[in-house]
Amino acid sequence: MGLAWQQGPLSTRSVGRFLSPVPLPERLLFAEPLRRRMRVRFGGEWIVDSEDVVLLHEPGHYPVAFFPKSAIAEGVLEGSDRVTQHRELGDTSWYTVAAGEGRAERAAWEYTGLPEYADVLKDRVAFAWRAMEAFYEEDERIVGHAADLYHRNDIRTTSRHLVVRDGDRVIADTHRPVVLYESGFAPRWYVPREDLDEAALTPVEGQTFCPYKGLASYYDIGSHAGAAWGYEQAWTEVERISGLVSFEPDKIEVYLDGVRQTLAPGQTVVPHGVDRGLDTDEIEKRTV
């Protein structure tokens, strides 16, 4: 979750509410400077490199990075006749992106009919994430979508008693779980492998990835498909969960201090596929 995605404060499904005597608009858009150097690669070339990036948060969408047109390499943007309408931001002009051997139609856009209150986006262009080869912050590749400045993960150790069961079979029993608090989500409890029955976990083919944690592998438990998952090599920011296993409480019995856990409303996770043809080696490396 971030500012406007999942159950964030600007999402249409927010778990919280603004304490205001005046009703707020149904949709609130928020734009802010990213304050990070961001680059885009396409056709084997760097087509934009800027420290002056504006991040747009729109309800129900991942953050989108907008670059000043002056920072885009000459000849990369080719105008088109396609113009669409954004409900708040007006006319949207679309570009073909061309560089090196690459060419992608409708792969970039600019809001050309902006209302005055949104002029922070004037003369800025966004690139379609899936159409580009890669996005980078400095020399590190950013996968999935632009990093949301309001999404964070906090990891804490605890001595609470966590038990996972499949009927009469105990799958895990530990007094040393690790809890992951991720923005907008209920706590996720991770178990050291020494405290679980490895024979109960059947690896599943295929992986998804989280833009903040890395590649996730999944396991079936008996007839319960995808009831457990783990990050074998979680990214540096959350490496404490590397090699641990977490369990989905709506698929398998999970008890914390004797209380059965349930999946909180609105907590269904939308998994990311390994998009844009990325293979697992590219995701794990993430460097130029």
### Task
Provide the per residue accessible area, probe 1.4 Å, for the chain, rounded to a whole number of square angstrom.
52
### Query
Label-point separation (nm) for residue 140 and residue 26, each offset 7 Å from Cα along Cα-to-Cβ?
3.9
### Message
For mean projected area of the Cα convex hull in nm², pick the label among [x] 18.8; [y] 17.4; [z] 14.1 that corresponds to the value derived from the coordinates.
### Response
[y]
### Query
Rounded to the nearest 500 deg cm²/dmol, what is the calculated helix-only ellipticity per residue at 222 nm for the chain, with -39500 (n - 2.57) per DSSP H run of length n ≥ 4?
-500 deg cm²/dmol
### Message
Using a 7 Å offset from the Cα along the Cα-to-Cβ direction at both residue 87 and residue 70, what is the distance between the two label points in nm, to one decimal?
### Response
3.5
### Cβ charges +1 (Lys, Arg) and -1 (Asp, Glu), total dipole of the chain, debye
720
### Message
Once you keep just the Cα pairs under 8 angstrom separated by 6 or more residues, what percentage relative contact order results for the chain?
### Response
13
### Query
Not counting the cut sites, what is the longest span of the chain without trypsin sites (Lys or Arg not before Pro) that DSSP labels loop and that have at most 10 other Cβ atoms within 10 Å?
88-288
### Task
For the chain, with all protein chains present and a 1.4 Å probe, just round the carbon and sulfur fraction of the accessible area to a whole percent.
48
### Query
Given the Cα-Cα distance of residue 236 and residue 12 and 0.36 nm per residue of separation, how much length would full extension add, in nm?
77.5 nm
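The values are calculated or read from the model by the stated rules, or taken from the named source; none is laboratory data. Here the structure is a predicted model, which means the values were calculated and not measured. In this analysis, Cβ positions are derived from the backbone assuming ideal geometry, glycine residues included, and neighbour counts consider all displayed protein chains. Note: areas computed on protein heavy atoms with side chains; ligands, DNA, RNA excluded. Shrake-Rupley method; radii C 1.70, N 1.55, O 1.52, S 1.80 Å.
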